Structures are given as C-alpha cells and as structure tokens.
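The values are calculated or read from the model by the stated rules, or taken from the named source; none is laboratory data. Keep in mind it's a predicted model, so treat the numbers as computed, not measured. Reconstructed Cβ throughout: ideal geometry from the backbone, glycine too, with neighbour counts over all protein chains shown. Remember, those area values only see protein heavy atoms, side chains included, never the ligands or the DNA or RNA. Shrake-Rupley method; radii C 1.70, N 1.55, O 1.52, S 1.80 Å.
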Amino acid sequence: MSKIWVLGAGQLGAMLKQAANPLGLDVEAVDIESQAQLNLAADDIVTAEREEWPSTPATNQLATHANFVNLQTFPQLADRLTQKQLLDKLELATAPWFPVTEETSAEQLHQDLGERVLLKQRRGGYDGKGQHWLKSSQPSPVPSDWKGCAIAEQGIKFDEEVSLVGVRGKSGETFFYPLTLNLHIDGILYASIAPLKRLVELQAKAEGMLAKLMNDLDYVGVMAMECFRVGDQLMINELAPRVHNSGHWTQAGASTDQFENHMRAVAGLPLAQAQIKNQSMMVNLIGVPVNYNWLAISGLELYWYKKEVRVGRKVGHLNFCSGDNTALIKALTELEDLPAPYDQALAWLTEHLSK
Ligand code: ATP
Ligand code: MG
C-alpha cells in the first residue's frame, strides 16, 4: 500500500501516525522546517496536521504532490476572511463581521457590531493569540498594524462553547462524534467533556451545518467545527480542516478515534461510525511539567508531547472515560495540585459531571 505523508510533525502528526499503526498503514510525519529531500512516490498520499506551513524544500514537495488531500481547502480556511466568506455563502450562522481595512475605524466598528468587538488576525492565530478586544466603554483605536490583515467580529455573549468533529469519505459519506462541551480560558482550550445528554437535541442541527460545509468543499477526512451556543442556536466560531484538540477525548471514549477516522478517510478505507463507550473528559496540559505520579490515578490516560514546557503552551493532555461519574470526579480531586487556572477547569468538569 502507498505511504501516507503528514505535513507537520507536532503532536497531531504523532497521534495520526500512532492511530494508523494498528491498521498497518505506513505513515511519515514531516517537520515543517525539514530541509530533507523526501522520497515521495507518485501513488503516495499527503495530508496535513496544520492549516499553514512555511515554504521549505520538503513542504514544497508535499504541497505540489498530486495526491495532497484537501489541498485547496487549507488556504481557504487558514485565512479567517475567506473562511467567514464561505460561512456567509452557505448561510451558516456566525458572529457578524467586517474586514479590517485601512479605512476601518473603531467608532464605525462599534456602530456596526456593538460595544464589544473582537479583532482577529486573518492568519496564524491560535490558542487566543492574534486577538485584540475593542470595548466602547474604554475607547481605543484599531491598531495601525492590524489594518489590512485582520477581521472584526461582534463579541458574542454565548452560553457555552461546543464543537463537532466529523469525518467525510471519498464517496461523500459522513460520520460524526457527539457534540463536545469545551472550556476555554483566555482563548485556550483547557477541558472538554462528551457526550452530554442535554446537547443531544443540538446534534442534528450541528451535523447538518458541518455536512453542508464538508460537502461544499468536497472535503475528505476529519474536520472540526467550533461553535457558540446561544440559547438553542449554534453560531460557528471557526473551522479546522484537521483533527482537533476538542476531539482528543475520542482516543479514550470512542471505538474509533478521530485520528484513525482521518487516516482511514485519506487512505480511502471504510470509515467508522464510532461506538461511544462512556462518559469522557479531557484535560489539556498547558505550561505544566509532566508528573508521572498521575499514572497512579485510576482510569487516567496520559499523552505527553515531549515539548519544552513554556507558559501557555500545550504540552500534553489527559483523557478519562468511565461509566461511573463519581470515579471521574474522584480522579479530578487527585489533580488538585495543578496550578491556577486549573482550579477553574477542574471545578467546571466536576460541575458538568454532577448534573
Ligand atoms: P484555536 O486555538 O482554537 O485555533 P484561536 O485562538 O485561533 O483558537 P478562536 O477560536 O477564534 O481563535 O478564539 C478563541 C476563543 O476566543 C474562543 O474559543 C472563544 O472563547 C473566544 N472568542 C472567539 N471569538 C469570539 C467572539 N466573537 N465573541 C466572544 N468570544 C470569542
Ligand atoms: Mg478556536
């Protein structure tokens, strides 16, 4: 069988490779800085763990390969402006927005979008980086270096944040995981929980939205849709044309996880309607060192990315899956040594497990 190349060798690339292993697929993740000359065959397949990459001999080789799956979708979604235009074209609800141009003024944005306006860099933002709030209560101008390279969004007073991970195959078949409830603190994902009974009533609506997007793009593989829930409405915050942090719980809680389904899709293999095992939760490890004593916590599954620990950097995650919510809550009490703001994240998980 042909080899599958993953553009990007971060944790997502590593987990894609790991998931493809039992299937006997030959996978190689390529670092975006790689200067290597890759031994690409004509019938090999290329996928990516990220939306953007610098131009290097290796990335150019991959990005010009005829079997790079979804190649056109990456630039379209990597730019928030063209991503928002796609949502508008498909009439999918999203926060009202405007491009930020040389002429854009804060006054005009507040007039059009309201008192809280969020500027987002068109490219390269992640984990809340590349965001700038404008509040009419404390007037401030649009920073001059954001003009021409940002969009402005209405600040949404959402009830909570949910995401949907779906997969689409080469013949257009789609499968979805249950909606995931996510906690972001300062723009970065700290914890997820799925499935939740009370989100079931939103599932069909969410699936319809993501299916519409994947069909329009003739997309193959896993895509994630981050949403704001406002009452019984879903508003799309952003899309990721790849496996997603809010789907990491599927490694513990689903018969086939998001990583395996993505690899199946790009390889043209049958996809799985994953069986959901039990209640799952995920805790991101952000800027904290690994503690192997965690392995003594019943039911805990550790993923450590072997990255240098830096403030605000995702360096690993913890998954749990159990049919006994009391056991999950007990496991959380054993993580109480984690520094702030984990107190908030653990309290949030405990609250949702107790409902
Ligand atoms: P990611 O790491 O998921 O790619 P990101 O930093 O690229 O994230 P967003 O997902 O757009 O950017 O925003 C991060 C967080 O900021 C959201 O999860 C949400 O909590 C908050 N946020 C984003 N847009 C809005 C908005 N229009 N109104 C209110 N809060 C928002
Ligand atoms: Mg996001």
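Across region 253-285, the number of residues qualifying as open to solvent by less than 10 Å² (accessible area, probe 1.4 Å) and in a strand (DSSP E or B) comes to 7. Here is the figure for region 14-29: residues that are in a helix (DSSP H, G or I) and in contact with a Leu (Cβ under 8 Å, 6 or more places away or on another chain) total 1.
Tell me yes or no: at least one residue of region 262-276 is farther than 18 Å from Arg168 by Cα and out of contact with any Asp or Glu (no Cβ under 8 Å at 6 or more places or on another chain). Scanning region 262-276, I find at least one residue that is farther than 18 Å from Arg168 by Cα and out of contact with any Asp or Glu (no Cβ under 8 Å at 6 or more places or on another chain), so the answer is yes. Of the residues screened, Asp145 is not one that is touching a strand residue (DSSP E or B) at 6+ places or on another chain (Cβ under 8 Å), away from ligand 2 (no atom under 16 Å from the Cβ) and not assigned by TED's automatic domain parsing to the domain that holds Glu52. In this structure, Gly221 does satisfy being more than 16 Å from ligand 2 (Cβ to nearest atom), of a type outside the set (D, E, K, R) and crowded, with 23+ Cβ neighbours inside 10 Å. Consider Gly172 against the criteria (1) more than 16 Å from ligand 1 (Cβ to nearest atom); (2) out of contact with any Lys or Arg (no Cβ under 9 Å at 6 or more places or on another chain); (3) open to solvent by 30 Å² or more (accessible area, probe 1.4 Å): it satisfies all of them except one. Which criterion is unmet? With respect to (1) more than 16 Å from ligand 1 (Cβ to nearest atom); (2) out of contact with any Lys or Arg (no Cβ under 9 Å at 6 or more places or on another chain); (3) open to solvent by 30 Å² or more (accessible area, probe 1.4 Å), Gly172 is out only on (3).
Residue by residue, here is whether (1) open to solvent by 20 Å² or more (accessible area, probe 1.4 Å); (2) away from ligand 2 (no atom under 14 Å from the Cβ); (3) more than 30 Å from Glu301 (Cα to Cα) holds:
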{"residue": "Gly208", "(1), (2), (3)": "yes, yes, yes"}
{"residue": "Asn215", "(1), (2), (3)": "yes, yes, yes"}
{"residue": "Leu239", "(1), (2), (3)": "no, no, no"}
{"residue": "Gly247", "(1), (2), (3)": "no, no, no"}
{"residue": "Gln251", "(1), (2), (3)": "yes, yes, no"}
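Criterion applied to Ser137, Ser144 was being under 26 Å from Glu52 (Cβ atoms), out of contact with any Leu (no Cβ under 9 Å at 6 or more places or on another chain), among the polar types (S, T, N, Q) and open to solvent by 90 Å² or more (accessible area, probe 1.4 Å), and the one residue passing it is Ser144. Criterion applied to Gly187, Gly130 was being closer than 25 Å to Lys314 by Cβ, surrounded by fewer than 17 Cβ atoms within 10 Å (Cβ to Cβ) and touching a Gly at 6+ places or on another chain (Cβ under 9 Å), and the one residue passing it is Gly187. Would you check if Leu179 is open to solvent by less than 20 Å² (accessible area, probe 1.4 Å), outside the structural domain of Glu52 (by TED's automatic domain parsing) and more than 13 Å from ligand 2 (Cβ to nearest atom)? Here the answer is yes, as Leu179 does meet what is asked. When you check Glu301 against the structure, is it within 16 Å of ligand 1 (Cβ to nearest atom), touching a strand residue (DSSP E or B) at 6+ places or on another chain (Cβ under 9 Å) and of a type outside the set (Gly, Ala, Ser), yes or no? Against the criterion (within 16 Å of ligand 1 (Cβ to nearest atom), touching a strand residue (DSSP E or B) at 6+ places or on another chain (Cβ under 9 Å) and of a type outside the set (Gly, Ala, Ser)), Glu301 does not qualify. Among the residues of region 71-89, which ones are open to solvent by 20 Å² or more (accessible area, probe 1.4 Å) and either in contact with a Leu (Cβ under 7 Å, 6 or more places away or on another chain) or of a type in the set (S, T, N, Q) (or both)? If the condition is that a residue be open to solvent by 20 Å² or more (accessible area, probe 1.4 Å) and either in contact with a Leu (Cβ under 7 Å, 6 or more places away or on another chain) or of a type in the set (S, T, N, Q) (or both), then Gln72, Gln76, Thr82, Gln85 are the ones that fit.
Quick one: in region 211-228, which of the residues that are within 16 Å of ligand 1 (Cβ to nearest atom) and farther than 14 Å from Thr73 by Cα is farthest from the chain's Cα centre (by Cα)? Among those that are within 16 Å of ligand 1 (Cβ to nearest atom) and farther than 14 Å from Thr73 by Cα, it is Phe228. If the condition is being open to solvent by 70 Å² or more (accessible area, probe 1.4 Å) and touching a strand residue (DSSP E or B) at 6+ places or on another chain (Cβ under 6 Å), then region 98-123 contributes only Phe98.
In this structure, Leu23 does not satisfy being crowded, with 21+ Cβ neighbours inside 10 Å and either among the hydrophobic types (A, V, I, L, M, F, W, C) or more than 20 Å from Thr73 (Cα to Cα) (or both).
Reported count of residues in region 321-331, each being outside any strand (DSSP E or B) and touching a strand residue (DSSP E or B) at 6+ places or on another chain (Cβ under 8 Å), is 4. If the condition is being open to solvent by 50 Å² or more (accessible area, probe 1.4 Å) and more than 25 Å from the chain's Cα centre (by Cα), then region 326-341 contributes Thr326, Lys330, Thr333, Glu334, Glu336, Asp337. Gly155 satisfies every condition listed in (1) near ligand 1 (Cβ under 9 Å from one of its atoms); (2) under 20 Å from Phe74 (Cα atoms) except (2). Can you tell me which of Ser140, Ser192, Ser136 is among the hydroxyl-bearing types (Ser, Thr, Tyr) and within 13 Å of ligand 1 (Cβ to nearest atom)? Just one listed residue meets the conditions, Ser192.
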